[in-house]
Amino acid sequence: MTQQPPTPLDGIRYFTPPAGYVLTGRDGRVQIPWEGKPPVPLLEEDFPVAEESGTADYDMVGRGIYQALRLNPECACAAEYAVILKEAYPHIVSELGGQIIMLDAREVDTPYLDRKINFLKIMALLEPANAGLCREIARTFIERGSRLSTLHQAVSSWYEAERFLKRALELDPADRHCAYEYGEALYVLGRYDQASEAWAAALPLLEGGERARVEGRIAAILSGRLPRVAPLDYLTALSVAVEEHHAGHSDEAAAIIEDVLADPVFSEQFPVNEVYYLLGTCYQEMGMAQEAAGAFKKS
């Protein structure tokens, strides 16, 4: 079997152990023959030591694998590295779980969303049958793709959310919340027929008000009551408005926001409180005090 070429990562160099190398550690409790395994990712500062001695010790390998997965949990051979982490480094796995709990226990600032996603992706490598991890990854992508401050990442975030929700449903088809969220992701991407089909398949799992709400969404699609353009296109437009505002072009930003909010279907279906606040700020900077007050009132 041909080995995948290693993924270039900042601060990581790949070390090929000599024939017969066995990863040993934890007072002999770890004994993993490396034959047939991929090159070892090492921190740049550890690589010269390994190269000079001709081997990489237990701590070097653990540091390198953990950093490689933190940088890119979808790098080449990530699943193999995760198996080694799980078998040989329980303390690192425990630390990873602690990091996720810490992030969940606080209001995650925007810069931490990518870190949370990567931690969750590593956990998903460790527990590939865990549908809940895939669902949580998707929800974090949705959060990133919906915040005004990260709308420049909306396209990649919503496509990734759809991918992980689909995987979660494959692992647990009876998860009604995931089934609804999968339909929502398809809807945002403008795949209305697929969204309708996904929601229709989820109906037997739903009850009461939840079922009625989904039936209403399906009926709207079938009757053609849809946003004028795909919701993702509106989110992309709003990201341009944010950029225009940051560049000092409040009039341009306000014009874009007004155009988006003029679509009643989109405005009704998506939370736009942040958008109205930005619009109010733009009006304020343009000297339109009355319009600003009206926008702030809706935020």
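Name every residue in the range 26-44 that is within 30 Å of the chain's Cα centre (by Cα), part of a loop (DSSP other than H, G, I, E, B) and under 19 Å from A82 (Cβ atoms), in order of residue number. Selection gives K37, P38, P39.
Restricting attention to the range 157-204, the residues that are outside any helix (DSSP H, G or I) and in contact with a helix residue (DSSP H, G or I) (Cβ under 6 Å, 6 or more places away or on another chain) add up to 2.
Considered as a group, the residues in the range 143-156 that are assigned to a helix (DSSP H, G or I) and of a type in the set (G, A, S) include one that is surrounded by the fewest Cβ atoms within 10 Å (Cβ to Cβ), and that residue is S156.
Looking across the range 232-286, just one residue is small (G, A, S) and modelled with pLDDT under 95, and that is S267. All of L133, L226 fail the test of being of a type outside the set (D, E, K, R), surrounded by 15 or more Cβ atoms within 10 Å (Cβ to Cβ) and farther than 30 Å from A253 by Cβ, apart from L133. The one condition from (1) in a loop (DSSP other than H, G, I, E, B); (2) touching a residue at least 60 places away in the same chain (Cβ under 8 Å) that L23 does not meet is (1). The one condition from (1) closer than 22 Å to Q194 by Cα; (2) in a helix (DSSP H, G or I) that V275 does not meet is (1). Within this structure, P90 fails the test of being of a type outside the set (A, V, I, L, M, F, W, C) and buried (at least 16 other Cβ atoms within 10 Å of the Cβ). In the range 45-125, counting only helices (runs of 4 or more DSSP H) that sit wholly within it, the ones holding 3 or more residues that are within 22 Å of Q4 (Cβ to Cβ) and either of a type outside the set (A, V, I, L, M) or assigned by TED's automatic domain parsing to the domain that holds E143 (or both) span 58-71, 78-88.
Within the set A78, A88, A105, the sole residue that is under 21 Å from the mean Cα position of the chain (by Cα) and modelled with pLDDT of 95 or more turns out to be A78. Residue under question is D172, and the condition is that it be among the charged types (D, E, K, R), over 23 Å from G132 (Cβ atoms) and modelled with pLDDT of 95 or more; does it hold? The answer is no for D172.
The values are calculated or read from the model by the stated rules, or taken from the named source; none is laboratory data. Small disclaimer: the values here were computed from a predicted structure and weren't measured. Every residue, glycine as well, gets a Cβ built from its backbone with ideal geometry; the counts of neighbours run over all protein chains shown.
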